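Okay, structure first, notes after.
No value in this document is a laboratory result; all are computed from the given coordinates. Being a predicted model, the structure only gives us computed values, none of them experimental. Here the Cβ is made from the backbone with ideal geometry for all residues, glycine too, and neighbour counts use every protein chain on show.
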Amino acid sequence: MYETGRKVGYARVSTDEQHLDMQIKALETFGCDGIYFDKGISGAKFERPGLSSVLEVTATGDTLVVWKLDRLGRSLSHLANIMAQLDKRKIRVVSLTEYIDTRSSSGRFTFHMLAAIAEFERGLISERTRAGMEAARDRGSQIGRPKVLSDAQCIEARDLLRHYSLSQVAKRFNVHRATLMRHIKSYRAEAEHMYVADTEIN
C-alpha cells in the first residue's frame with residue numbers, strides 16, 4: 001500500500017524542563033532521515049511549529065515516526081484526524097513504544113479503532129451539549145451570545161426605519177446595518193411565535 005520513502009521523526013515535550021533526548025535517540029536509532037520537534041508546547045496547543053513542519057515535508061511513501069501516538073494529537077479526535085490525513089496521503093505512521101505500524105494489519109486495525117472511538121467521543125460531546133442547551137432553556141437561560149440590541153431597541157429601530165434610512169438607524173444604535181436587520185428579524189420572528197402560541201392557548 002505504501003511505497004518506500006524517507007523516515008521522518010517527530011518528538012514533543014510539554015515543558016522546557018523535560019528533555020527530548022530519549023525520544024530523539026529512539027528516532028535516530030530507527031533510522032529517521034530528519035527529526036522535527038516541539039519543546040515546551042503542550043499537546044493541547046493548536047499551533048505547533050514542529051508538527052506543522054513535519055506534516056508539510058512528509059510526502060506519499062514517507063514514514064512518520066513518533067515515540068508515542070500522544071505526541072501527535074492534542075486530543076483523541078485531533079489524533080484521529082491527523083492519522084486520517086496521513087492515511088489519505090499514503091504516509092505510513094510508526095509508534096515506537098506502542099509497536100504500532102499502519103503498514104501492518106494490526107496497525108490498520110488500531111487506526112480504524114482510533115477513528116471509531118473519536119467519532120463516538122464526538123457524538124457524546126454533541127449529545128451532552130444539546131442536553132445542556134435544552135436544560136438551560138428550561139431554566140430560562142439565554143443560549144449563545146448576549147443580544148446587541150434589546151427588544152425595546154428593536155421596536156424603536158423598526159419604527160425609525162419608517163422615516164430614516166437603514167444606515168442612519170444603524171448609526172443611531174452604533175451597530176452595522178446587517179446586525180441591525182438581523183436583530184429586527186429575530187425579534188419579529190420571536191414576537192410572531194409568541195403570538196401564535198398565545199392564540200393556541202386561548
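Quick notes
- Taking 0.36 nm per residue of sequence separation and removing the Cα-Cα distance, the Asp138/Arg108 pair yields an extension gain of 6.3 nm.
- Sequence ranges 150-157, 63-70, 76-83, ranked by mean other-Cβ count within 10 angstrom, highest first: 63-70, 76-83, 150-157
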